[in-house]
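A short worksheet on the structure shown next.
The values are calculated or read from the model by the stated rules, or taken from the named source; none is laboratory data. Keep in mind the model is a prediction, meaning the values are calculated, not measured. When we count neighbours, we look across all protein chains shown, and the Cβ atoms used for this are built from the backbone with ideal geometry, even at glycine.
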Amino acid sequence: NIVCGIVRPSSGSVTADGHDVVRDYRAARALIGLVPQELSTDAFETVWSTVTFSRGLFGKPPNPAHIEKVLRDLSLWDKKDSKIMTLSGGMKRRVLIAKALAHEPKILFLDEPTAGVDVELRQGMWQMVRELREKGVTIILTTHYIEEAEEMADRIGVIRKGELIVVEDKAALMRELGKKQLTLTLRTPLQRLPEALAGLPLELTAEGHTLVYTFDTQRDETGIAALLRQLAELGIDFKDLHSSESSLEDIFVGLVHAGVSADQPATQQETA
């Protein structure tokens, strides 16, 4: 809200592409497109009129070809003469995106854009976002759908109780905070871990039927080969094994719950 000029900051400063959002607000806002979470549109205007008007608000000269391309990319061209009030919720969401793109912004804020959107529109929206990113548009997405962040983002920020607790390249974050596990299903259940295995990052689960070994993929030696040799020496046989790694959602949950005490449960406001 501060970056987009909706809320005036009480302290500090923000620059958008070198323009202070308070002192040089016209230039800053002209660079920014915002797709709000709430469906707020001019109910009695047509799709074409409201998107064209949005472009004019930023002092851009008329460009019907650009407006047509945006509407076609969002599958809104056949609705260009329809009044907003006649559209479905998903179509209204598309109109909000078209309005945000009408003035060709260099920075695009997407505030939970797929909330209540059908799967087909969601896929089309992400394809358009990828194309904008390839053209050099900086896209800032807020979402509670962690799989979207994992699929789309280059960098990830995690907010906990209003504080940005981490900002990191996605690949680096997955490497640093993610973990891999090797799960072995035993032929014969164990009552407890043998003392010879006590020093290893092993967990006995499923009433003794499963061994879970957690390892670091960044190390030169994962320790898997040594573990399997030890199991063989101890006569512990397994019938199946598979490996898995942390998803971004696992990392996110771990971060937002870190330091949260039992009497201060995490809230629904935490966002990736």
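So here's what we get for this one:
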read-out	value
Selection count where residues are at pLDDT 75 or above, assigned to a strand (DSSP E or B) and not acidic (D, E), scope region 216-252	4
Residue within region 254-270 that is at pLDDT 85 or above, assigned to a loop (DSSP other than H, G, I, E, B) and aliphatic (A, V, I, L, M) present	no
Residues satisfying the stated conditions in region 83-100, i.e. small (G, A, S) and either modelled with pLDDT of 95 or more or part of a helix (DSSP H, G or I) (or both)	G89, G90, A98, A100
Test set (1) in a helix (DSSP H, G or I); (2) at pLDDT 85 or above - F109 fails condition number	(1)
Unique match (being closer than 26 Å to K69 by Cβ, surrounded by fewer than 19 Cβ atoms within 10 Å (Cβ to Cβ) and touching a residue at least 12 places away in the same chain (Cβ under 8 Å)) among G90, G157	G90
Residues within region 64-79 that are touching a residue at least 24 places away in the same chain (Cβ under 8 Å) and in contact with a Leu (Cβ under 6 Å, 6 or more places away or on another chain), tallied	1
Count of residues meeting criterion [of a type in the set (S, T, N, Q) and surrounded by 15 or more Cβ atoms within 10 Å (Cβ to Cβ)] in region 5-60	6
Residues located in region 51-63, provided they are free of Cβ contacts under 8 Å to residues at least 12 places away in the same chain and either part of a helix (DSSP H, G or I) or among the aliphatic types (A, V, I, L, M) (or both)	F53, G56
Residue match in region 38-50 (condition: in a helix (DSSP H, G or I) and at pLDDT below 90)	no
Hey, E207 surrounded by fewer than 17 Cβ atoms within 10 Å (Cβ to Cβ), within 30 Å of L234 (Cα to Cα) and not aromatic (F, W, Y) or not	yes
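Residues checked against (1) surrounded by fewer than 16 Cβ atoms within 10 Å (Cβ to Cβ); (2) assigned by TED's automatic domain parsing to the domain that holds T50; (3) under 18 Å from E150 (Cα atoms):
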{"residue": "A100", "(1), (2), (3)": "no, yes, no"}
{"residue": "I107", "(1), (2), (3)": "no, yes, no"}
{"residue": "T114", "(1), (2), (3)": "no, yes, yes"}
{"residue": "G136", "(1), (2), (3)": "yes, yes, no"}
